[in-house]
Number of protein chains: 2
Amino acid sequence: MESDDAGLRHSDADTPERVRRQLSRLVGMTAGQLRKAAGAALAEVGAHKDHFVVLASLAEFGPASQSRLSDRTRVYRSDLVAVLNDLEAAGHIQRAPDPEDKRRNVITVTAKGRCRLGELDEVLAGVNEHVMAPLDPAERDTLFALLARVNAHLADG
Amino acid sequence: MESDDAGLRHSDADTPERVRRQLSRLVGMTAGQLRKAAGAALAEVGAHKDHFVVLASLAEFGPASQSRLSDRTRVYRSDLVAVLNDLEAAGHIQRAPDPEDKRRNVITVTAKGRCRLGELDEVLAGVNEHVMAPLDPAERDTLFALLARVNAHLADG
DNA sequence: GCAGCGGCGTTAGTGTCCCTAACGATACGG
DNA sequence: CCGTATCGTTAGGGACACTAACGCCGCTGC
């Protein structure tokens, strides 16, 4: 076994070394696969990533206008409209005009919506479990922590 | 100090916990920022991610047909055409008909192309340095290793 | 009052990736 | 030869991130 650096020899034999060194490549590939996995799992129950994020934000932080929801979820106001249309049609949220400011809508989770959130949460928990299967709990934590640091560092660069 | 798990409390105060737990979210956000950073740096010298990947593959593994190049670089054959058009117009590669099979082209790096590759490599080294600035060498290695394991695991799932 | 600025929800459109479909040309196997 | 498969190429679809503009309303100041 001339395996130098054991676990560090990652992936593809016919990917050039210069390319393999690029963090953006590795993260990008992983992101793509994670997006696919989560997207497919959510699609199976007729949902979308943004549906989950919006429901979670409403459930954890309470009702909000669409604008504030957009800020909290990082779903663009333009895209949020369609998401809320879906959720409203399914009875998961309620869109009511704000009596204090007629420009705004007040978005509220319904009981059905909280139930839906629980469902989506379970689906995604399954995905996470599958995705992080090869990592033990400590490794999962370090992965999160390292990514978070890189992420935070880039967020204010 | 009620700081539980110290370094693990990552990022956004108004992101719901359920969402924060999703690896796909964290990886996705990071991927987006890395893509932006690398894309912008390459754009400043008039290049594209795929230009780099193609040049690197040719330089490391030698000439190839477009089809094999596509396999090696994971750039789709359809998209590869435009990339090779660019590189050929700039004199970085040579597109010659394969005498052994008139369907194929043989793609070869020129000297100018190797020089260009060096330039792009430096640009990206700078990006990597900037991006991974908050991590020490050991942490960078573990980040790569962990991502590679997740990635490899998803690749054959 | 009312005029102007700015935030609200909404519609439409842009650009970039990743990916598929089909086509003419060429190779290859029966 | 005839059918099938592969090559480079063109065109387009679909998801995602993002911008522009519009009509509506609130707010401030004159």
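Restricting the search to region B:73-101, which residues are away from DNA strand C (no atom under 14 Å from the Cβ), outside any strand (DSSP E or B) and in contact (Cβ under 8 Å) with a residue 12 or more places away in the chain? Spell out how you get there, then give the answer.
Kept after step one, since they are away from DNA strand C (no atom under 14 Å from the Cβ), are these residues of region B:73-101: B:84-85, B:87-95.
Within this subset, residues satisfying the condition of being outside any strand (DSSP E or B) are B:84-85, B:87-92.
Correct list: B:LEU84, B:LEU87, B:ALA90, B:GLY91, B:HIS92.
Of everything in region B:82-114 that's surrounded by 13 or more Cβ atoms within 10 Å (Cβ to Cβ) and hydrophobic (A, V, I, L, M, F, W, C), which residue is farthest from the chain's Cα centre (by Cα)?
Ranking the qualifying residues of region B:82-114, first place goes to B:VAL106.
Exactly one condition in (1) within 14 Å of DNA strand C (Cβ to nearest atom); (2) in contact with a Phe, Trp or Tyr (Cβ under 8 Å, 6 or more places away or on another chain) is not met by A:LEU23; state its number.
Condition (1) is where A:LEU23 drops out.
From the list A:ALA90, A:ALA64, A:ALA13, pick out the single residue that is away from DNA strand D (no atom under 16 Å from the Cβ) and touching a strand residue (DSSP E or B) at 6+ places or on another chain (Cβ under 8 Å).
Details: A:ALA90 fails: touching a strand residue (DSSP E or B) at 6+ places or on another chain (Cβ under 8 Å); A:ALA13 fails: touching a strand residue (DSSP E or B) at 6+ places or on another chain (Cβ under 8 Å).
After ruling out the rest, the residue left standing is A:ALA64.
Among the residues of region A:28-58, which ones are in contact with a Ser or Thr (Cβ under 6 Å, 6 or more places away or on another chain), touching a residue at least 24 places away in the same chain (Cβ under 8 Å) and at the interface with chain B (Cβ under 9 Å from one of its Cβ atoms)?
The answer is A:LEU34, A:ALA38.
Mind listing whichever residues of region B:65-80 are surrounded by 13 or more Cβ atoms within 10 Å (Cβ to Cβ) and in contact with a Ser or Thr (Cβ under 7 Å, 6 or more places away or on another chain)?
Of everything in region B:65-80, those that are surrounded by 13 or more Cβ atoms within 10 Å (Cβ to Cβ) and in contact with a Ser or Thr (Cβ under 7 Å, 6 or more places away or on another chain) turn out to be B:LEU69, B:ARG72, B:THR73, B:LEU80.
Are there any pairs, at least 6 apart or on different chains, whose C-beta atoms fall under 7 Å, with the first in region A:123-145 and facing another protein chain (nearest Cβ under 7 Å) and the second part of a helix (DSSP H, G or I) and of a type in the set (Phe, Trp, Tyr), and if so, which?
Close Cβ pairs satisfying both conditions: A:LEU124/A:PHE52.
Counting just the residues of region A:59-72 that are closer than 17 Å to A:ALA111 by Cα and within 12 Å of DNA strand C (Cβ to nearest atom), which one comes out nearest to the other protein chains (Cβ to nearest Cβ)?
Out of the qualifying residues, it is A:ALA64.
Where a number appears in this text, it was derived from the coordinates with a stated rule and is not lab data. Worth saying up front: this structure is predicted, and the values here are computed from it rather than measured. Backbone-built Cβ (ideal geometry, glycine too); neighbour counts: all protein chains shown.
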